[in-house]
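Participant: I'd like to ask some things about the structure below.
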Amino acid sequence: MEVTNKFRTLPAIDKLLSIVAADPEIRHYPHELLTVCLRQAVADARTRIKHGDGNAGSTDSIIRAAKILLREQAGSSLRRVINATGVVLHTNLGRAPLSKRAQECVTGIMEGYSTLEYAVESGQRGSRYAHVVEPICHLTGAEDALVVNNNAAAVLLVLSALARGREVIVSRGELVEIGGSFRVPDVLRQSGATLVEVGTTNKTHLADYEQAIGPNTAAILKVHTSNYCIIGFTSQPEGTELAALAHKHNLPVIEDLGSGTLLPLTAGGQTEPAVKERLQLGFDVLTFSGDKLLGAGQAGIIAGKRPYIELMKKQPLLRAVRIDKLSLAALEGTFKDYIIGSPGQDVPVLAMLNADKPVLEQRADRLKELIVNLNAGFATEVVQLNSPAGGGALPAAVLNGYGVTVTHKNLRTEELESRLRQRTIPIVTRIREDKVIFDVRCLLERDLPDIANALGAL
Ligand SMILES: *Cc1c(COP(=O)(O)O)cnc(C)c1O
């Protein structure tokens, strides 16, 4: 009876609408959206009353709730997060953060028109690829290059152009699954090529490749095992031998490098070969991602010998997987970091992977101090941490770094983690031994006070 009475006193939508029509904070929202949010707020109040919350039905509290719903509508679902996981190439968190130069290139063209496919000298139609082919060739030593939407598309395009309706030889040790349903055998099938598996999981010999070559062979495909390692009793032919074998039979060697670093890179005890070195072995076509170790935005780069790249340019598929202008701008800006800048410092991914331990320790000390100064019931400690590189790169690397553990005297650790995650700017952390861990490797300078403020506001 009591509850039914409370339902009756819930304000009518028309009355609520007339009240908010005078509220400068929200009156500018479209009438329809206001109505939807007020209805939702009233429905939520009903539920709360049913569960015994006697104060849920007041006009004030309903309008407050509607304002929160409106703000959620106005805010973005895709938004910045603070990455306190220590995983540099976190695919779920958008992989590589962009460098300053890359950001400038993106903001420089996003507002207006651009030279995307316009040649200024002639006033004629130009090529969107022209903006990056020269830097790619300069940085990799390739004769020619092409860029597409991502590396998965690059592999698909290369195989479609060079092997449709024919056979491609792949070692059994390299039949990679990347995640998100990219599996080498499936991509091969999609391209119209037929997979010919050779060797075993741990050992593949040159003779295995040689015996598999027949009249219908189109190419040898190598796939960089970018997210796993096979160690122990293993062998693969040397790159130069494989290239020589392929060329003896007039076949190309294609390599999907995945992570594709432009500079030789050693991090966390693992070395990743540079694209240039792979081409020097005699490989004909390489593909790699723009947003892994290279450190730009999403893109797939194809670098190699001109006649093969020419074949790819003629594929109708190229139009379907073409790169967007914003990604292209990020890529061009990042190449500038490599050509005229100091990539180790300017490209965030490289700076984070190579961050010196003392720098990380100082950062952790500063974060701890900010949290201690809150005087808000948090227990905190600076600890040494190991983290992976992430994102299908350097699978065996163990990056030694520092972090800060946090617990609160009145808050369960899961609750703490979940509240940090559900902020407008989410803070993504890990839990270990019942403590929330902030790994400082991927934190920017401005993130430290943000984290302290977020903890203070809990
Ligand atoms: C990551 C990866 C891909 C997919 O690259 P995307 O740019 O994410 O499409 C393909 N092959 C290998 C070996 C990879 O590591």
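The values are calculated or read from the model by the stated rules, or taken from the named source; none is laboratory data. These figures come from a predicted structure and were not determined experimentally. Note that we place each Cβ from the backbone using ideal geometry, even for glycine, and neighbour counts take in every protein chain shown. To get the accessible areas, we keep the full protein, side chains included, count just its heavy atoms, and leave off ligands, DNA and RNA. Shrake-Rupley method; radii C 1.70, N 1.55, O 1.52, S 1.80 Å.
Participant: Is one or more of the residues making up the range 236-245 among the acidic types (D, E) and closer than 27 Å to A102 by Cα?
Facilitator: Let us first name the residues in the range 236-245 that are among the acidic types (D, E), namely 238, 241.
Those still in the list that are closer than 27 Å to A102 by Cα too: none.
Checked against the condition, which is being among the acidic types (D, E) and closer than 27 Å to A102 by Cα, the range 236-245 yields no hits at all.
Conditions tested, residue by residue: (1) within 16 Å of the ligand (Cβ to nearest atom); (2) closer than 30 Å to A212 by Cα.
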{"position": "E111", "(1), (2)": "no, no"}
{"position": "A119", "(1), (2)": "no, no"}
{"position": "R125", "(1), (2)": "no, no"}
{"position": "V133", "(1), (2)": "no, no"}
{"position": "L139", "(1), (2)": "no, no"}
{"position": "A145", "(1), (2)": "yes, yes"}
{"position": "N149", "(1), (2)": "yes, no"}
{"position": "A154", "(1), (2)": "yes, yes"}
{"position": "L162", "(1), (2)": "no, yes"}
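Participant: Follow-up. Report every pair of residues separated by at least 6 positions or lying on different chains whose Cβ atoms are under 6 Å apart, first residue within the range 414-440 and over 12 Å from L455 (Cα atoms), second in a helix (DSSP H, G or I) and of a type in the set (D, E, K, R).
Facilitator: T429/E417; I431/E417; V440/R363
Okay, residues lined up against (1) polar (S, T, N, Q); (2) open to solvent by 70 Å² or more (accessible area, probe 1.4 Å); (3) in contact (Cβ under 8 Å) with a residue 12 or more places away in the chain; (4) closer than 18 Å to L70 by Cα:
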residue: V3; (1), (2), (3), (4): no, no, yes, no
residue: A12; (1), (2), (3), (4): no, no, no, no
residue: D23; (1), (2), (3), (4): no, no, yes, yes
residue: C37; (1), (2), (3), (4): no, no, yes, yes
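Participant: Take the residues in the range 383-397 that are in a loop (DSSP other than H, G, I, E, B) and among the hydrophobic types (A, V, I, L, M, F, W, C); name whichever of them is nearest to the ligand (Cβ to nearest atom). Give the steps one after another, and end with the answer.
Facilitator: Step one: of the range 383-397, the residues in a loop (DSSP other than H, G, I, E, B) are 388-397.
So of that shortlist, the ones also among the hydrophobic types (A, V, I, L, M, F, W, C) come out as 389, 393-394, 396-397.
Numbers: A389: 12, A393: 7, L394: 11, A396: 14, A397: 14 Å.
Filtering first and then ranking leaves A393.
Participant: Tell me, which residue of the range 260-296 that is modelled with pLDDT under 95, open to solvent by 10 Å² or more (accessible area, probe 1.4 Å) and part of a loop (DSSP other than H, G, I, E, B) is nearest to the ligand (Cβ to nearest atom)?
Facilitator: P273
Participant: Continuing with the same structure: Quick one: is G377 open to solvent by less than 60 Å² (accessible area, probe 1.4 Å), touching a strand residue (DSSP E or B) at 6+ places or on another chain (Cβ under 9 Å) and in contact (Cβ under 8 Å) with a residue 60 or more places away in the chain? Break it down stepwise before answering.
Facilitator: Values: open to solvent by less than 60 Å² (accessible area, probe 1.4 Å): yes; touching a strand residue (DSSP E or B) at 6+ places or on another chain (Cβ under 9 Å): yes; in contact (Cβ under 8 Å) with a residue 60 or more places away in the chain: no.
Against the criterion (open to solvent by less than 60 Å² (accessible area, probe 1.4 Å), touching a strand residue (DSSP E or B) at 6+ places or on another chain (Cβ under 9 Å) and in contact (Cβ under 8 Å) with a residue 60 or more places away in the chain), G377 does not qualify.
Participant: From the list K313, K336, which one is open to solvent by 20 Å² or more (accessible area, probe 1.4 Å), modelled with pLDDT of 95 or more and farther than 22 Å from P264 by Cα? Give the steps one after another, and end with the answer.
Facilitator: Numbers: K336 fails: farther than 22 Å from P264 by Cα.
It is K313.
Participant: In the range 193-234, how many residues are surrounded by 13 or more Cβ atoms within 10 Å (Cβ to Cβ) and either in contact with a helix residue (DSSP H, G or I) (Cβ under 7 Å, 6 or more places away or on another chain) or farther than 22 Å from A393 by Cβ (or both)?
Facilitator: Taking the range 193-234 as the starting set, the residues that turn out to be surrounded by 13 or more Cβ atoms within 10 Å (Cβ to Cβ) are 193-200, 202-206, 208-210, 212-213, 217-227, 230, 234.
When the remaining residues are screened for being either in contact with a helix residue (DSSP H, G or I) (Cβ under 7 Å, 6 or more places away or on another chain) or farther than 22 Å from A393 by Cβ (or both), the result is 193-200, 202-206, 208-210, 212-213, 217-220, 222-223, 225, 230.
Looking only at that region, the number is 26.
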